[in-house]
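S.K.: Supplied in structure tokens, the structure appears directly below.
The values are calculated or read from the model by the stated rules, or taken from the named source; none is laboratory data. Quantities reported herein were computed from a predicted structural model and do not represent experimental measurements. In this analysis, Cβ positions are derived from the backbone assuming ideal geometry, glycine residues included, and neighbour counts consider all displayed protein chains.
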Amino acid sequence: MIKSPRIIVLYGGVGSEREVSLQSGEAIAQALHSSFQVEALLLESEALPDSLRSDEHVVFPALHGSFGEDGQLQALLEAASIHCCGSDAPASRLCMDKAATKAIARDLGIAVPEAITFDGADTPLADAIIEQLGASLVIKPADQGSSVGLHFTEHRSALGVTLSGLRSGNWLIEQRIRGRELTVGVLKGAAMGVVEIVSQSGVYDYKAKYTTGSTDYHFPAEIEPAIEAKVKDHAEQIFDACGCRDFARIDFLLDGARPYFLEINTLPGLTATSLLPKSASCVGFDFEQLAAELVAPAIGRFQKGGAA
């Protein structure tokens, strides 16, 4: 008889995206309860719970940002031979680096906004940035998610004020593409439905993401079939080239008929109303069915044995 593992949902964490993780963890644990033995464990430090067992458990990391999506947790789990849902440590580390994933997309021939990266302790001059990229810019952490630390500037003075407030961390400044915001979930290497995000403010920032009623979503997105096919193809190529596993969500901006790759999220938000479930609903999965699909590959790896 093939052994069925207990699913351990790790959520919370110590990073800036803890509140989002609390919502994801509670939602995914509840969705999994109908089909699996599930235990939700709240993380309060950057360490594995002592109760985890490689011969009994599969971990679902409902964590976002640092110690969750950045590969640190995955590396600890792999060292302990504990199977984990989602991408492995190297792919997770890579995909947290927006500049590195943009370079991969560029090598694939996929459009990306022109950008520069820098350390917050050594910010470039505003005039030099504008000379290279223009005045309409997006400034964001190069290795965070959920639009934490996102800034938009349209002129030199605003850019200077924003730069003066940065003290540390890795940052990315890119040309602002004024297009339609699209995202697509990828499940086991195959793109699902394309979702369009329409923020009432015109900016899809943290407030727009998490304030009820501030953003409309169209799923599937009302775009030409050829554009839809291109977005899905780009998403699958990037997923594969970044070495991703099981699932991810990939974000684009559509300028006319040209999709620009923005970033890949290896552990996207996972409440019933998050973007990945919206994408999955386009191909017929409700939230409980999606939850089962998300854990199925890791359960298969657990049952086959071998390396985590």
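S.K.: Please go through the stretch 80-98 and give me each residue that is outside any loop (DSSP other than H, G, I, E, B) and either among the basic types (Lys, Arg) or within 14 Å of the chain's Cα centre (by Cα) (or both), ordered by number.
M.R.: Within the stretch 80-98, 91, 92, 93, 94, 95, 96, 98 qualify.
S.K.: Just to check your reading of the model, which residue among 62, 27, 40 is under 19 Å from residue 249 (Cα atoms), in contact with a Gly (Cβ under 7 Å, 6 or more places away or on another chain), surrounded by 15 or more Cβ atoms within 10 Å (Cβ to Cβ) and small (Gly, Ala, Ser)?
M.R.: None of the others qualify; the one that does is 62.
S.K.: Another question about this same structure. Name every residue in the stretch 111-122 that is in a strand (DSSP E or B) and not small (Gly, Ala, Ser), in order of residue number.
M.R.: Listed by number, the residues that qualify are 116, 117, 118, 119.
Residue by residue, here is whether (1) assigned by TED's automatic domain parsing to the domain that holds residue 298; (2) hydrophobic (A, V, I, L, M, F, W, C); (3) not in a helix (DSSP H, G or I) holds:
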site	(1), (2), (3)
70	yes, no, yes
75	yes, yes, no
78	yes, no, no
103	no, yes, no
124	no, no, yes
128	no, yes, no
139	no, yes, yes
160	no, no, no
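S.K.: State which residue is nearest to residue 144 (Cα to Cα) when the search covers only the stretch 92-103 and only residues that are out of contact with any strand residue (DSSP E or B) (no Cβ under 8 Å at 6 or more places or on another chain) and buried (at least 21 other Cβ atoms within 10 Å of the Cβ).
M.R.: So, considering only residues that are out of contact with any strand residue (DSSP E or B) (no Cβ under 8 Å at 6 or more places or on another chain) and buried (at least 21 other Cβ atoms within 10 Å of the Cβ), the one nearest to residue 144 (Cα to Cα) is 96.
S.K.: Now a separate question. List the number of the failed condition for residue 67; all other conditions in (1) over 23 Å from the mean Cα position of the chain (by Cα); (2) farther than 22 Å from residue 272 by Cβ; (3) touching a residue at least 24 places away in the same chain (Cβ under 8 Å) hold.
M.R.: With (1) over 23 Å from the mean Cα position of the chain (by Cα); (2) farther than 22 Å from residue 272 by Cβ; (3) touching a residue at least 24 places away in the same chain (Cβ under 8 Å) applied to residue 67, the lone miss is (1).
S.K.: Separate question: Specify the residue that is surrounded by the fewest Cβ atoms within 10 Å (Cβ to Cβ); the eligible residues are those in the stretch 228-287 that are among the acidic types (Asp, Glu), more than 12 Å from the chain's Cα centre (by Cα) and not in a helix (DSSP H, G or I).
M.R.: 286
S.K.: Out of all the residues in the stretch 83-99, which are touching a Leu at 6+ places or on another chain (Cβ under 9 Å) and under 22 Å from residue 163 (Cα atoms)?
M.R.: 98, 99
S.K.: Here is a follow-up. For residues that are free of Cβ contacts under 8 Å to residues at least 60 places away in the same chain and part of a strand (DSSP E or B), tally how many sit in the stretch 4-30.
M.R.: Final tally of qualifying residues: 5.
S.K.: Right, here's the next one. For the stretch 166-197, what are the residues that are assigned to a strand (DSSP E or B), charged (D, E, K, R) and either within 15 Å of residue 254 (Cα to Cα) or touching a His at 6+ places or on another chain (Cβ under 6 Å) (or both)?
M.R.: Result: 180, 181, 196.
Let's see how each residue does on (1) of a type in the set (S, T, N, Q); (2) surrounded by fewer than 14 Cβ atoms within 10 Å (Cβ to Cβ); (3) touching a strand residue (DSSP E or B) at 6+ places or on another chain (Cβ under 7 Å); (4) modelled with pLDDT of 95 or more:
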| position | (1), (2), (3), (4) |
| --- | --- |
| 81 | yes, yes, no, yes |
| 85 | no, no, yes, yes |
| 90 | no, no, no, yes |
| 105 | no, no, yes, yes |
| 113 | no, no, yes, yes |
| 116 | no, no, yes, no |
| 121 | no, yes, no, no |
| 130 | no, no, no, yes |
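S.K.: Same structure again: Can you tell me which of (1) touching a helix residue (DSSP H, G or I) at 6+ places or on another chain (Cβ under 6 Å); (2) among the small types (Gly, Ala, Ser); (3) in contact (Cβ under 8 Å) with a residue 40 or more places away in the chain; (4) farther than 23 Å from residue 92 by Cβ is the one residue 160 doesn't meet?
M.R.: (3)
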